[in-house]
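K.L.:
Handing you this structure, nothing more for now.
The values are calculated or read from the model by the stated rules, or taken from the named source; none is laboratory data. Since the model is a prediction, treat every value here as computed from it, not as a measurement. A quick note on method: Cβ atoms are made from the backbone with ideal geometry, for glycine too, and the neighbour counts reach across all protein chains shown. Only protein heavy atoms, including side chains, enter the accessible area calculation; ligands, DNA and RNA are left aside. Shrake-Rupley method; radii C 1.70, N 1.55, O 1.52, S 1.80 Å.
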Amino acid sequence: MSNDWVVQNLKNAIEKSKDNDLWRLIFGLGIRLIGSKAARILEENFEGMEQLMSATKEQLTAIDGIGDTMADSIVQYFAIFSYISQSAYRLRA
């Protein structure tokens, strides 16, 4: 699987979702252990994707309904996304 493909799909999903509820985008990302209920909880606690993407495990576990394992999954997902994005950018340069 190409890194460019992964990054482009995520960017496309974000663009398409601008008219949708945030929880639908979060759920649609397919983050391990994050179902629609958890996605709704996250939407209630974060103003946007940028805020969620930069959230720490401690910030996430402070939210009622988000446990350690779910928080780890969210943090790991966005860390991998960041790594792939940076790698794809470097490959283009």
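K.L.:
What do you get for GluC sites (Glu not before Pro) in the range 33-62 restricted to DSSP loop and a cutoff of at most 13 other Cβ within 10 Å of the site's Cβ?
P.N.:
Within the range 33-62, the qualifying GluC sites (Glu not before Pro) (loop, at most 13 other Cβ atoms within 10 Å) are Glu47.
K.L.:
How large is the Kirkwood hydrodynamic radius of the chain, counting all unique pairs of alpha carbons, in Å?
P.N.:
13.7
K.L.:
Leaving out ligands, DNA and RNA, what percent of the accessible area of the chain is carbon and sulfur, probe 1.4 Å?
P.N.:
Accessible surface attributable to carbon and sulfur in the chain totals 50 percent.
K.L.:
Compute the helix-to-body angle for 36-45: its Cα long axis versus the longest principal axis of the chain, expressed 0 to 90° and rounded to tens.
P.N.:
90
K.L.:
With point charges of +1 on the Cβ of Lys and Arg and -1 on the Cβ of Asp and Glu, referenced to the Cα centre of the chain, which listed residue (Gly30, Gln59, Val7) lies farthest in the positive direction of the dipole?
P.N.:
Val7
K.L.:
Return one whole number: the accessible area per residue of the chain in Å², for a 1.4 Å probe.
P.N.:
67
K.L.:
What distance in nm separates the two pseudo spin-label positions at Gln86 and Glu44, each 7 Å out from Cα along the beta-carbon direction?
P.N.:
3.4
K.L.:
How big is the dipole moment of the chain about its Cα centre under a simple scheme where the beta carbon of each Lys and Arg is +1, that of each Asp and Glu is -1, and everything else is neutral? Debye, nearest 20, please.
P.N.:
Approximately 420 debye in magnitude.
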